[in-house]
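Some notes on the structure that comes next.
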Amino acid sequence: MSSDSFSSLPLSKIQIDNLDSLGYKQMTPIQAQGLPHVLQGKDLIAKAKTGSGKTATFGIGLLNHINPRFFGVQALILCPTRELADQVGKELRKLARSIPNLKLVLLCGGKPFGFQKNSLQHGAHIVVGTPGRIQDHLNRGTLIVEGLKTLVLDEADRMLDMGFSEVINEIIEHTPKKRQTLLFSATYPDSIKKMCHSVLSDPVTVSVESEHHPSIIEQTFYQVKESQRYDSLLALFEHYQPETTLVFCHTKLQCNEVTQFLNQHNIETLTIHGDLEQRDRDQVLVRFANKSCSVLVATDVAARGLDIKSLNAVINFELPRDPEIYIHRIGRTGRAGEKGIALSLFISTEKIRLQAIEAYQNKTWICESTQSLNRKIKFNIHPIMATMQIDAGRKNKMRAGDILGALTGDAGLIASKIGKIDIFETHSYIAIERTSLRQVLDYFINGKIKGRSVRVRMIA
Ligand code: ADP
Ligand code: MG
């Protein structure tokens, strides 16, 4: 039995089997370092990058401490965004399959309050959510955490970046003093150190260094003049022609300007930043993930919610001041052994940022000139997929299989023309190859899904 096998931990046979059925054969490094302490009930500070398996590190631990026969909230997990809370909720549900009758409730903004209140009244063992909404429920007395055993602050650095520090402290005031607190963060700035000091007691710190391999993520830096920044961005697209690209900007304003610029130059682009309404955010994430848009411009905070597996390229429109943020950004490409490219533009006054990155990575980079890029005339990026929205969702018991069935059956589409299907509460999104759009739209003039007429519209 290797020391990083789950069976080396004091877990039930049922949980070990469950992990096995999830394909979790071995602990990831952060799990191997963190889980023994978490299971012992220690407070933990864990520093690790995205995708390192942090959720199971706290998830397996907190599940082990839950008493399913006590119908009170025993674990509270705070996440920076709704998308992240969703992901954590999904992962925890999988991990909790070994425990019958366990209830998990998601509490995020943008969802009806009354509905959440009802779910809580029926008894919840675990609550996952965003700080604002959780604070709301605590203040209105609809959420009670007096019997809390475990508090998790997931992506703590992002929560502080988003200005949740006050709110988090207020939430903590509601929890028992004697509790286990687990804090996860990709970076460890002073603000996090301060927070750890005030909310954790005698914590164990574990840290897994980033494992980026230069052969997997190819990093290239281009020094440009400020006046050339936009044109150089275009040159990067023309030369590399990446299939999916995430462009990082500093501010919302910059996101909007870059998006507008790329669209004007025939590169179909969407943007995501903190100012979007929840429904618009959902749509952007759906369209990027289902490949009906292949370029996304985002701020660091907004990009956190993204769960895209195969990103070909990350472009830094300008370099971030903090080298850890740079590492975090480029870690979005080259996942799972695939090769990714990280391209960065910087101007002479940002050279100091490059030096910080070099010091952090302990290497020096040779900067390329944009002259070496192969420019194309009449270049464009138009994805082959498009997204349609239908006005039926989970609430109408709509499932992906129903939609797929109607389109390949009655509508006569070949399955390969249909992409990802995303079901939301009251509506759903379907990715369709653009060449088949007419056929689908025509079908829905009279056609039905599960015997029900649905309204469809293109999301453009
Ligand atoms: P993080 O929160 O660190 O970004 P996650 O907890 O979301 O990472 O995990 C990333 C992915 O790895 C998830 O899809 C999860 O199901 C998977 N995963 C986690 N632990 C293991 C493991 N021990 N073996 C295999 N896959 C794992
Ligand atoms: Mg996570």
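The values are calculated or read from the model by the stated rules, or taken from the named source; none is laboratory data. Please read all numbers here as calculations on a predicted model, not as lab measurements. Here the Cβ positions follow ideal geometry from the backbone for every residue, glycine too, while neighbour counts run over all protein chains shown. Each accessible area value is taken on the protein alone, full model and side chains, heavy atoms only, with ligands, DNA and RNA left out. Shrake-Rupley method; radii C 1.70, N 1.55, O 1.52, S 1.80 Å.
Across the stretch 311-320, coupling constants 3J(HN,Hα) worked out from phi with the 6.51/-1.76/1.60 Karplus curve, θ = phi - 60°, read 9, 6, 9, 10, 10, 8, 5, 9, 7, x Hz, and Gly and Pro carry x. The chymotrypsin sites (Phe, Trp or Tyr not before Pro) of the stretch 42-119 meeting both criteria, a DSSP state outside H, G, I, E and B (loop) and at most 15 other C-beta atoms within 10 angstrom of the site's C-beta, are PHE70, PHE71.
Rolling a 1.4 Å probe across the protein heavy atoms gives the stretch 385-458 an accessible surface of 52 Å² per residue. Adding -39500 (n - 2.57) for every DSSP H run of four residues or longer, then dividing by how many residues the chain holds, sets the calculated 222 nm ellipticity at -10500 deg cm²/dmol.
Hand me the GluC sites (Glu not before Pro) from the stretch 335-412 located in a DSSP loop with no more than 14 other Cβ atoms within 10 Å, in residue order please. The qualifying sites are GLU338.
For the stretch 131-209, the list of GluC sites (Glu not before Pro) that fall in a loop by DSSP and count at most 15 other C-beta atoms within 10 angstrom reads GLU146, GLU209. Each principal axis of the Cα atoms in the chain has its own extent, and those three values, largest first, are 66, 63, 47 angstrom. Apply 1/(1 + (r/R0)^6) to the Cβ-Cβ distance of ARG69 and GLU166, taking R0 = 30 Å, and write down the FRET efficiency to the nearest 0.05. Using R0 = 30 Å, I get an efficiency of 0.25. Taking amide H as placed 1.01 Å from N in the peptide plane, the amide H of GLN219 sits under 5 Å from that of ALA342, each at least 5 places away or on another chain. For the pair LYS111 and ARG438, the difference between a 0.36 nm per residue extended length and the Cα-Cα distance amounts to 114.3 nm. Once C-alpha pairs closer than 8 Å and six or more residues apart are averaged by separation and normalised to the residue number of the chain, the relative contact order reads 13 percent.
In the context of the full set of protein chains, the stretch 129-174 has a per residue accessible area of 40 Å² (1.4 Å probe). Report, ordered by chain and residue number, the lysines lying within cross-link reach of LYS351, taken as a straight Cα distance under 22 Å and ignoring same-chain residues fewer than 8 apart. Result set, ordered by chain and number: LYS225, LYS363.
With a Förster radius of 45 Å applied to the beta-carbon distance between ASP391 and LYS363, the computed FRET efficiency rounds to 0.25.
Protein heavy-atom accessible surface, 1.4 Å probe, per residue over the stretch 194-261: 50 Å². Among the aspartates and glutamates, which have Cα under 12 Å from the Cα of LYS149 when same-chain residues fewer than 8 positions away are ignored? Straight-line reach from LYS149, under 12 Å: ASP43.
Taking the 1.4 Å solvent-accessible surface of the stretch 385-458 as the whole, the part contributed by carbon and sulfur is 51%.
A dipole drawn for the stretch 6-207 from +1 and -1 charges on Cβ atoms has a positive end, and of LEU62, LEU200, ALA46 the residue lying farthest that way is LEU62.
Contact order, relative form, for the stretch 6-207: 29 percent (alpha carbon pairs under 8 Å, 6 or more residues apart, mean separation divided by residue count).
For a label point 7 angstrom out from the Cα of THR205 toward its Cβ, which stretches of the stretch 37-56 have the backbone nitrogen within less than 14 Å? So the set is 44-48. Mean separation of Cα pairs under 8 Å and 6 or more residues apart, divided by the residue count, gives the stretch 217-372 a relative contact order of 37 percent. Within the straight-line cut-off of under 20 Å between alpha carbons, the lysines reachable from LYS193 are LYS42, LYS47, LYS49, LYS54, LYS177, sequence neighbours fewer than 8 places apart in one chain being disregarded.
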